[in-house]
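**Student:** Once you've had a glance at the structure underneath, I'll fire off some questions.
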Amino acid sequence: MHIVHVVDSLEVGGLERVTVDLALAQAARGHQVRVFSITDTHGLKGELLDAGIPVIEGHKQRSLDRHTLAALRGCVREAQADIVHAHNFVPNYHAALATPGLGAAQVCTLHDMGARLQNRRLRTLFRLSLLRTPCVAMVGSQVHRQHVGSGLISPDKAHTVLNGIPVERFEHSATARSVARQQLGLADDDLVIGCVGRLVELKNHHRMIEVMPALLARHPGLKLVIIGDGVRAAALRQQIEALGLAGHVLLAGQRSDVGTLLCAFDVFALPSQTEGLSIALLEACATGLAIVATRVGGNVEIITDGESGLLVPADDNTALRDALLRLLSDRPARERLGAAARAWVRAHASATALADAYDRVYAHALGRH
């Protein structure tokens, strides 16, 4: 098939990561794949170009930029696309406006619970774009229930697809662990909690910093590493300084080598208020890490509490602290939970399984189209 993926950008994030991994898997199967970024972008763009997958940028300057729409139409026409695959709300209405008459079937993936749809204009434009979208894939059953249950997506268009990752990319050996720790400035014998995610309010990184003094009372050498960047970076630095945690909390910034750094951690924490089907969480599973995550969104589809990780309520510092203390104090439990998480992701959420799932969605879309 000839496939054009449409994204807001390719800056580093979960949606962007899964789109790139899907495009790479599809190209490996012999599909002709292109990626259209509505805005100027860098981030993960290089990975696609290195693999021979063209990336076209729309250079969007304003809302519904006619030059961007024209560039998208030209991309789809030149690709002779069978499928235009839009990722989330803005890309879907751009694709719907840009591609009438070109013969491609449009597919949309909804990667999250849709908090942005509180914006009335966005919701209206997205609803209208669904008239040209025969199939909508939702990332996990929680996202499916949200959007079908609200009436946004009609059941006859709805599909559930789990995110997938190239599990072979995530190594957890003694050598890889030592190298990763050197790159982060950690000692081999440090006890380390790791977080990965954009530094935004909903990711709740401040909760991790709030519980650190209690964790340090039991584990004085403990380190917390937070990988990511965003609008909350300055506020988190101020919080770290105010609590006297500068020697124990590292804001490592945005990194392109997260896959090789995860094995530096003993415990992975995801304290978010909301999640779709978190790529960071899947990558932590693939690395074999013991996990503490909040009982929100798709987290409950990845982690079985007490079997492949620990689940806690969102915004509950006491529960978060207690779950982390339980794992920090029990290495055999960490190893047992990490092994179960790794086995689950290899069986259910590989890049191969992801590409298989979208082959089925595309076939359905082409039939309806």
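The values are calculated or read from the model by the stated rules, or taken from the named source; none is laboratory data. Small disclaimer: the values here were computed from a predicted structure and weren't measured. Cβ coordinates were reconstructed from backbone atoms using ideal geometry, including for glycine residues, and neighbour counts include every protein chain displayed. Please note that ligands, DNA and RNA were not included when accessible areas were found on the heavy atoms of the full protein model with its side chains. Shrake-Rupley method; radii C 1.70, N 1.55, O 1.52, S 1.80 Å.
**Student:** How far is helix 351-368 tilted off the main Cα axis of the chain, in degrees rounded to 10, range 0 to 90?
**Tutor:** Value to nearest ten degrees: 30.
**Student:** How far apart, in nm, are the 7 Å Cα→Cβ label points at residue 317 and residue 63?
**Tutor:** 3.9 nm
**Student:** By how many degrees, 0 to 90 and rounded to 10, does the Cα axis of helix 317-328 deviate from the longest principal axis of the chain?
**Tutor:** Once rounded, the angle reads 70 degrees.
**Student:** So if we plug the beta-carbon distance of residue 178 and residue 257 into 1/(1 + (r/R0)^6) with R0 = 25 Å, what FRET efficiency do we get, rounded to 0.05?
**Tutor:** Efficiency at R0 = 25 Å is approximately 0.95.
**Student:** Pairs of alpha-carbon atoms within less than 8 angstrom and 6+ residues apart define the contacts here; what relative contact order does the range 259-338 have, in percent?
**Tutor:** Relative contact order, the range 259-338: 32 percent.
**Student:** Taking the range 75-212 on its own, what percent of its Cα-Cα pair distances exceed 20 Å?
**Tutor:** It works out to 62 percent of all Cα pairs.
**Student:** Can I ask one more? Express the Stokes-Einstein translational diffusion coefficient of the range 1-108 in µm² s⁻¹, to the nearest whole number, given a Kirkwood radius over alpha-carbon pairs, 20 °C and a viscosity of 1.002 mPa s.
**Tutor:** In µm²/s, the coefficient is 160.
**Student:** Here is a further query. List the relative contact order of the chain as a percent without decimals, with contacts defined as Cα pairs under 8 Å and 6+ residues apart.
**Tutor:** The normalised contact order for the chain reaches 16 percent.
**Student:** Quick one: helix 120-129 against the long Cα principal axis of the chain, what's the angle to the nearest 10°, folded into 0 to 90?
**Tutor:** Helix 120-129 and the main axis of the chain meet at about 50 degrees.
**Student:** Can you give me the accessible area per residue for the chain, using a 1.4 Å probe, in Å²?
**Tutor:** Dividing the accessible area of the chain by its residue count gives 40 Å².
**Student:** If you don't mind, another one. Report ³J(HN,Hα) in whole Hz for each residue of the range 30-42, in order, from the Karplus equation J = 6.51 cos²θ - 1.76 cosθ + 1.60 where θ = phi - 60°; Gly and Pro get x.
**Tutor:** x, 5, 8, 10, 10, 10, 10, 9, 4, 10, 4, 8, 10
**Student:** In the range 224-369, carbon and sulfur make up what percent of the accessible area (probe 1.4 Å)?
**Tutor:** Carbon and sulfur together cover 48 percent of it.
**Student:** Another question, then. Rg (Å, one decimal) plus Dmax (Å, integer) for the alpha carbons of the chain?
**Tutor:** Rg and Dmax of the chain, Cα atoms, are 20.8, 65 Å.
**Student:** Give the aspartates and glutamates reachable from residue 223 as a straight Cα distance under 14 Å; neighbours fewer than 8 places away on the same chain don't count.
**Tutor:** The qualifying aspartates and glutamates are 188, 189, 190, 210, 266.
**Student:** Please find, in a Gaussian network model of the chain (springs between Cα atoms separated by less than 10 Å), the residue of 317, 299, 163 whose mean-square fluctuation is greatest.
**Tutor:** 317
**Student:** May I pose another question? Sort the following peptides by mean Cβ neighbour count (other Cβ atoms within 10 Å, averaged over residues), highest first: 126-135, 52-61, 259-268, 286-295.
**Tutor:** The packing order, highest mean first, is 286-295, 259-268, 126-135, 52-61.
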